[in-house]
1. Considering only residues that are touching a residue at least 60 places away in the same chain (Cβ under 8 Å), in a loop (DSSP other than H, G, I, E, B) and not polar (S, T, N, Q), which ones fall in region B:152-183?
2. When the residues of region A:106-119 are narrowed to those that are in contact with a Phe, Trp or Tyr (Cβ under 8 Å, 6 or more places away or on another chain) and crowded, with 23+ Cβ neighbours inside 10 Å, which ends up farthest from the other protein chains (Cβ to nearest Cβ)?
3. Output the number of residues of region A:66-89 satisfying the condition of being at the interface with chain B (Cβ under 7 Å from one of its Cβ atoms) and without any contact (Cβ under 8 Å) to a residue 40 or more places away in the chain.
4. State whether the residues of region A:140-162 include one that is touching a residue at least 60 places away in the same chain (Cβ under 8 Å), assigned to a strand (DSSP E or B) and within 25 Å of residue A:209 (Cβ to Cβ).
5. Can you find a residue that is buried (at least 24 other Cβ atoms within 10 Å of the Cβ), in a helix (DSSP H, G or I) and more than 21 Å from the chain's Cα centre (by Cα) anywhere in region A:94-105?
6. Looking at (1) under 21 Å from residue B:45 (Cβ atoms); (2) at the interface with chain A (Cβ under 8 Å from one of its Cβ atoms); (3) out of contact with any Lys or Arg (no Cβ under 9 Å at 6 or more places or on another chain), which one does residue B:157 not meet, given that it meets all the others?
7. Whether any residue in region B:87-108 is facing chain A (nearest Cβ under 9 Å) and within 21 Å of residue A:63 (Cα to Cα) is what I want to check.
Amino acid sequence: MSEVKKIATRESYGNALVEMGAKYENLVVLDADLAAATKTGIFKKAYPERHIDCGIAECNMVGIAAGLAATGKIPFVSSFAMFAAGRAFEQVRNSVGYPKLNVKIGATHAGISVGEDGATHQCNEDIALMRTIPGMVVINPADDVEAKAAVQAAIEHDGPVYLRFGRLATPVINDRPDYKFELGKGVVLREGKDVTIIATGLCVAQSLEAAEMLAKDGIDAKVINIHTIKPLDEELVIAAAKETGKVVTVEEHSVIGGLGSAVCDCLSENLPTKVLKIGINDTFGESGPAVALIHKYGLDAEGIYAKVKAF
Amino acid sequence: MEVNMNKTELQKTANEVRKGIVTAVHSAKAGHPGGSLSAADIFTYLYFEEMNIDPKDPKKADRDRFVLSKGHTAPGLYSALAQRGYFPVEDLKTLRHLGSYLQGHPDMKHIPGVDMSSGSLGQGISAAVGMALSAKLSNESYRVYTLLGDGEIQEGQVWEASMFAGHRKLDNLVVMVDNNGLQIDGKIDDVCSPYPIGDKFKAFNFHVIENVDAHDFDAIKAAFDEARQTKGQPTAIIFKSTKGKGVSFMENQAGWHGKAPNDEEYATAMADLEKVGEALCQK
C-alpha cells in the first residue's frame with residue numbers, strides 16, 4: 001500500500017485563498033500577526049495589497065472585517081481558533097452575527113493537535129461558542145480536499161461562516177473524482193448496521209480506521225463525516241440512528257457544546273437514542289507532540305475503537 | 001443631495017431633533033436621552049450639511065458612512081434620520097416597542113440610513129475603520145464618520161482601532177468623541193479618567209482638533225472643514241458638550257444617561273424646547 005498523503009488543513013486554507021483570490025477580486029484576507037502559522041501568508045505572497053495584517057488585535061480585526069463586508073468586500077479573518085472564536089467572541093456575535101455580515105472566519109490551530117504550545121492555545125470550545133450565534137455556519141473539514149471545497153462553499157454562501165482548520169498534517173481521505181461538498185450535508189463514508197460513528201475534522205480518518213478494527217471483532221460500524229456542524233444534517237443523523245440504534249460522536253473538541261451536543265440536541269427531540277460522546281472531557285489540554293496528545297486523549301483510532309467496543 | 005442651511009436653520013433643525021429624542025424616549029419609557037441630546041447638534045450637522053447622503057436612496061454606493069459607536073444614543077441618530085426624511089418622524093414614538101423597527105440600539109438590517117449595527121461599546125469604531133480601509137482598497141472617495149462616547153474610549157478596542165487607522169493613514173476617516181464628561185457611574189474622571197483624550201489620539205498618529213464646542217455650528221463646521229483638508233492621517237474631533245443639552249433638568253446630570261422622563265418631566269422638557277424653538281423663530 002502506498003503511503004497516505006498528509007496535509008494540514010491550515011495549508012489547504014492558504015492554498016484555497018490564493019485560488020479564490022483570482023476568482024473573487026473583492027476577497028480580502030485579514031490576519032493578526034500569524035500569517036506564517038495560519039498560512040494566509042501564501043495569499044499575502046500572491047496578493048499583497050489584499051492581505052491586511054491587523055497586528056495582535058483580534059477584536060479590532062473582526063470589527064474591521066465587519067466594516068469591509070458592509071461595503072461589499074468578502075473578508076476572511078484569520079487567527080488561531082482560541083483568539084478568533086474565543087477572544088473575539090463578542091465582536092463576532094455583535095459586529096458580524098447580529099447584522100449577518102458576509103464575514104468568513106478562518107480559524108486555524110483548533111483543538112489539542114496544536115501540540116507543544118499547550119492548553120492556552122488549544123481551543124476545544126470554539127465550535128460550542130460559534131454554534132450559539134444565530135445564523136452562523138460552522139464547518140470543520142476532515143482533510144485537504146474538504147478544506148479547500150469548504151472555503152469555496154463559504155464564499156458562495158452569503159453570510160457569516162466559521163471555518164475550523166488544524167495545525168497537524170492529516171491523511172487525505174476525500175481524494176476521489178466524484179467528491180462533492182454540499183454545505184449542511186453529512187457524508188456516509190462507510191455503511192454498517194451495529195453502530196453509527198459520527199465524526200468531524202481530523203477524527204474522521206481516525207474513525208474510519210477504528211471501524212476497520214471493529215469489523216475484525218464483528219462490529220459493523222457506519223461512519224458519517226459531518227463537516228458542517230451548523231446547520232446540522234438532521235435528516236441523515238436521524239436516519240442513521242434509526243438504522244443502527246447506538247450512536248457515537250467523535251470530535252477534537254470539548255464534549256460540551258460541540259458536534260456531540262449538536263447530535264444529542266437533534267436526537268433527543270426527534271428519536272431519543274443512546275449517544276456516546278467522544279471528545280475532550282471537560283478538561284484543559286497540555287503540552288506534547290500532537291500525535292501523542294491525540295492518543296492520550298483517546299481521539300486516535302485505537303482510543304475510538306476501545307470506547308465504541310465498550311459502548 | 002446637498003442641503004445648505006444657515007446657522008439658524010441648523011439650530012431649528014437640531015431643536016426638532018431634540019424634541020424627537022425626548023418624545024421617543026418618553027414613549028419608550030426607556031432609553032438614553034443624555035448622550036443623545038449632547039450629540040444632537042453633531043447629528044444634525046452630519047446629516048444636513050457634512051455627509052454625502054440621499055434619504056431617498058439610503059444604500060447608494062458612494063454615500064458617506066456614519067457609524068454610531070456610542071450606539072446607546074440611538075434616539076439621537078434616529079431623530080436626525082427622521083428629520084432628514086429617512087422615515088416618518090411619527091415613527092420615533094415606536095422606539096423600543098415590541099415589533100418596531102426602531103430597536104434600542106442601531107440595527108442596520110431594518111433601519112433605513114443606519115450603516116452599521118452597533119451598541120456594544122468599542123466595536124463601532126472598528127467597523128468604521130474597516131469601511132474607511134475598504135474605500136482605500138477600491139479607490140472610492142466616500143468618507144467615514146464615527147461618533148464615540150467619552151466613557152466608551154475606556155474600551156481597549158478603541159485604541160486597537162485607532163492604532164490601525166493611524167498606521168494605515170486613513171484620511172477618509174473622522175473619529176468624533178462626544179466629551180460630555182459623564183458616564184453611568186458618574187464623572188468620567190472619577191470613574192476611570194480617559195484624559196488627556198486629544199493627546200492619546202495624537203500618539204496614535206491622528207490629526208486632532210480639540211475643544212470644539214459641540215453646540216456651536218460655526219465651530220462644528222470649522223472642525224469638519226479642517227478634517228476634510230487633512231491628508232495622510234485620520235482626524236479625531238474632540239467635542240466639548242453638555243450632557244442633556246437643551247432640557248434644563250437633564251443638563252449635566254449623570255442620572256439622565258439612561259432614564260426616560262415621566263409625563264410631567266416630558267411636558268417640562270418639551271416646554272423648554274418649544275421656548276428655544278420660538279426664540280429661534282424670532283431671529
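1. B:169, B:170, B:171, B:181
2. Filtering first and then ranking leaves A:112.
3. Count: 4.
4. Within region A:140-162 (the criterion being touching a residue at least 60 places away in the same chain (Cβ under 8 Å), assigned to a strand (DSSP E or B) and within 25 Å of residue A:209 (Cβ to Cβ)), the answer is no, since none of the residues qualifies.
5. Looking for residues that are buried (at least 24 other Cβ atoms within 10 Å of the Cβ), in a helix (DSSP H, G or I) and more than 21 Å from the chain's Cα centre (by Cα), one finds at least one in region A:94-105, hence yes.
6. (1)
7. Yes; the residues of region B:87-108 include at least one that is facing chain A (nearest Cβ under 9 Å) and within 21 Å of residue A:63 (Cα to Cα).
Matching residues to (1) touching a residue at least 40 places away in the same chain (Cβ under 8 Å); (2) surrounded by fewer than 21 Cβ atoms within 10 Å (Cβ to Cβ); (3) assigned to a helix (DSSP H, G or I):
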residue	(1), (2), (3)
B:34	yes, no, yes
B:37	yes, no, yes
B:44	no, no, yes
B:49	yes, yes, yes
B:55	yes, yes, no
B:58	yes, yes, no
B:74	yes, no, yes
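The values are calculated or read from the model by the stated rules, or taken from the named source; none is laboratory data. Predicted, not measured: the structure shown is a model, and the values here were computed from it. Cβ coordinates were reconstructed from backbone atoms using ideal geometry, including for glycine residues, and neighbour counts include every protein chain displayed.
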